[in-house]
Amino acid sequence: MSKHENPYPGENNTGHFWDDEQDLRELNNRPPRWYMQSMFVGLIAIVFYSFYFPSIPWFGDHYKGYADENGKTWTMITEMNESVAELEAYREKKFAATEQAIADSSLEDIVRDDELKTYAIKTAKTLFGDNCAACHGAGGQGNAGFPVLADDDWLYGGSLAKISQSITNGRKGNMPARMLGITDAQAAELATFLIETGKGTHGNPNPASKALYMMKGCIGCHGPTLAGNQMLGSANLSDSIYRFEAEDQHASVVRTILHGVNQANNPETQDAVMPAFGHSKVINATQIKKLAVYVHQLGGGDPVKPAPKKIKVSKDGKYNPVVAKSNSFADIVAAAEANYKKNLAQNSAWRDTGKMIKEAKKTKDVALAKKANTQAVNALKQASVALTAGPRF
Ligand code: HEC
Ligand code: HEC
């Protein structure tokens, strides 16, 4: 900034110059009229808005204003809530049929129907995030103490029905502490044995420890092959997948053996309680179905068998029997012959129909002609049952 004398003394400037040539300078003019006018309009608007809309907060409350919406004072929150309700109503209407189809279908049928399955999975994702992810992880990948839902190592079973039961009724594993007076040393031995067994061909389980496993009653719940029992939710001990993970897996297994699972009054017991969602008001039965389908496809659900094939009855005219025009012998024979012809075309003729017609014609036997016709009609009905019918002989 230059400190020279003001070269423009008569001018209404502030004396501040911004360049050496002293021609970039600060003037002291009135702001433009349009600028001032907008400012006053703005000020008036502020006063108007402050009175009209809720404003000025005071002790735990605020000025309510005059803006009215259906008799209630307007606030942004009520406006948002109304928009959300409107959206929900729209969604409900739009997806009502699909929701109903989910409610009405069995879990298997939902999985077999691509559209229902996709809908169930998409809507269950949020439900899972809200209700399950805190324990089981966002993608069902599990957390320490909470089982993985995205693999096929199930405590209670990976069929749709079992998964649905787990969610509806909850689960609570039960393993007694210190079975039959196990000592600390025996617990350590068992833990080593289990961990080594879990390593498969790379492990070196001590065969003598297997006797201890049997003697102390572990076999009763975890079975002779250590594979566990899904009826009891007793974990598979042979696969090195640990339900109660820990940095020191050996110590964790020892703890499980000494303090059990879900044992009351044992502060060191392993806690393992899956809440029962069927009895809570948090989610409804349809939502449980969606969640079961969702968990089932996370990675480890038992395969769902294809639906039994429905027998299709052909609508093709080829199978429509010709009806006799009257009860006269000639008409009945004509119908029998026409139907027998269709039988031959379908490869479904009964062996003796042709012979019967010939015989009836020779003897003019009405009863025999009727019998032949009935037989030909039956053969046609049989042939029309697509896929299941073929030549009878
Ligand atoms: C408070 C934590 C918690 C919440 C919330 C929770 N779970 Fe669980 N869940 C568990 C525990 C713990 C177990 C294992 C129970 C046991 O070991 O006996 C389990 C077990 C399961 C099983 C059986 C797994 C198997 O291997 O057989 C399924 C399926 C399951 N949960 C699904 C869900 C779904 C779906 C939700 C949400 C609606 C949910 N869980 C919410 C803790 C939870
Ligand atoms: C009354 C049945 C019962 C008996 C007896 C029993 N267990 Fe268990 N055990 C369970 C159940 C149930 C679980 C799984 C708990 C859960 O996840 O909810 C379990 C879990 C375990 C686990 C944890 C596995 C993991 O994945 O983290 C170990 C280790 C174990 N048992 C070892 C033993 C040993 C060793 C014995 C014998 C001393 C034994 N159990 C006896 C029912 C039993």
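The values are calculated or read from the model by the stated rules, or taken from the named source; none is laboratory data. The structure displayed is predicted, hence computed values, not measured ones. Please note: Cβ atoms are built from the backbone with ideal geometry, for glycine as well, and neighbour counts cover all protein chains shown. Note: areas computed on protein heavy atoms with side chains; ligands, DNA, RNA excluded. Shrake-Rupley method; radii C 1.70, N 1.55, O 1.52, S 1.80 Å.
Numbers at a glance
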read-out: Alpha-carbon radius of gyration plus Dmax, which is the widest Cα pair, for the chain in Å; value: 41.7, 145
read-out: Pairs beyond 25 Å (Cα-Cα), from LYS172/LYS281; LYS325/LYS371; LYS93/LYS122; LYS309/LYS371; LYS318/LYS358; value: LYS309/LYS371
read-out: Estimated distance in nm for a label pair at ASN13 and VAL282, the labels positioned 7 Å out from Cα along Cα-to-Cβ; value: 7.5 nm
read-out: Gap separating the Cα centres of the stretch 200-248 and the stretch 176-198, nearest whole Å; value: 10 Å
read-out: Summed residue charge, Cβ within 9 Å of ASP302's Cβ, Lys/Arg positive, Asp/Glu negative; value: 0
read-out: Furthest towards positive pole of dipole, ALA360, TYR66, LEU344, structure part the chain, Cβ charges; value: ALA360
read-out: Label point distance in nm, ASN347-GLU196, each placed 7 Å from Cα along Cα→Cβ; value: 6.5 nm
read-out: D (Stokes-Einstein, µm²/s), Kirkwood Cα radius, the stretch 175-271, 1.567 mPa s at 4 °C; value: 97 µm²/s
read-out: FRET efficiency, 1/(1 + (r/R0)^6) with R0 41 Å, evaluated for ASN81 and GLN165 via beta carbons; value: 0.65
read-out: Percent accessible area from carbon and sulfur atoms, the stretch 162-225, protein chains only, probe 1.4 Å; value: 60 percent
read-out: Distance in nm between pseudo-label sites at ALA264 and ASP331 (7 Å out along the Cβ direction from Cα); value: 8.5 nm
read-out: Packing-based order for 30-38, 334-342, 359-367, using average beta carbon neighbours within 10 Å, highest first; value: 334-342, 359-367, 30-38
read-out: Alpha carbon centroid spacing (whole Å) that separates the stretch 330-347 from the stretch 1-62; value: 106 Å
read-out: Student exercise, the chain dipole from Lys, Arg, Asp, Glu Cβ charges, in Debye to nearest 20; value: 4220 debye
read-out: 222 nm mean residue ellipticity, helices alone, for the chain (DSSP H n ≥ 4; -39,500 (n - 2.57); rounded to 500); value: -15000 deg cm²/dmol
read-out: With every protein chain in place, the stretch 317-384: carbon and sulfur % of accessible area (1.4 Å); value: 55 percent
read-out: Residue-normalised accessible area of the stretch 268-353, expressed per residue, 1.4 Å probe, Å²; value: 63 Å²
read-out: In sequence order, calculated HN-Hα J values of the stretch 354-368 (Karplus, 6.51, -1.76, 1.60; Hz; x Gly/Pro); value: x, 4, 4, 5, 4, 4, 5, 4, 5, 9, 6, 8, 4, 4, 5
read-out: Relative contact order for the chain, counting Cα pairs under 8 Å that sit 6 or more residues apart, in percent; value: 14 percent
read-out: Cα-derived Rg to Rh of the stretch 224-310, Kirkwood definition; value: 1.07
read-out: The stretch 326-342 - phi-based ³J(HN,Hα) in whole Hz, Karplus 6.51/-1.76/1.60, Gly and Pro as x; value: 8, 8, 5, 4, 4, 5, 5, 4, 4, 5, 4, 5, 5, 5, 5, 4, 4
read-out: Nearest-ten-degree value, helix 285-296 long axis tilted from longest Cα axis of the chain; value: 90 degrees
read-out: Solvent-accessible area, 1.4 Å probe, carbon plus sulfur percent, for the stretch 30-141; value: 63 percent
read-out: At R0 = 56 Å, FRET efficiency that the Cβ-Cβ distance of LYS122 and THR363 yields, to 0.05; value: 0.20
read-out: 15 Å Cα-Cα reach of LYS216 towards aspartates and glutamates, excluding residues that sit fewer than 8 places from it in its own chain; value: ASP184, GLU189
read-out: Residues of type aspartates and glutamates that LYS370 reaches as a straight line, Cα spacing below 20 Å, ignoring anything fewer than 8 places off in the same chain; value: ASP331, GLU337, ASP352, GLU359
read-out: Net lengthening on full extension, ASP184/ASP109 (0.36 nm per residue, minus Cα-Cα); value: 21.9 nm
read-out: Assigned charges on the beta-carbon of Lys, Arg, Asp, Glu; the stretch 317-384 dipole about Cα centre (debye); value: 80 debye
read-out: Modelled FRET efficiency - R0 51 Å, LYS94 with VAL47, Cβ distances, 0.05 increments; value: 0.70
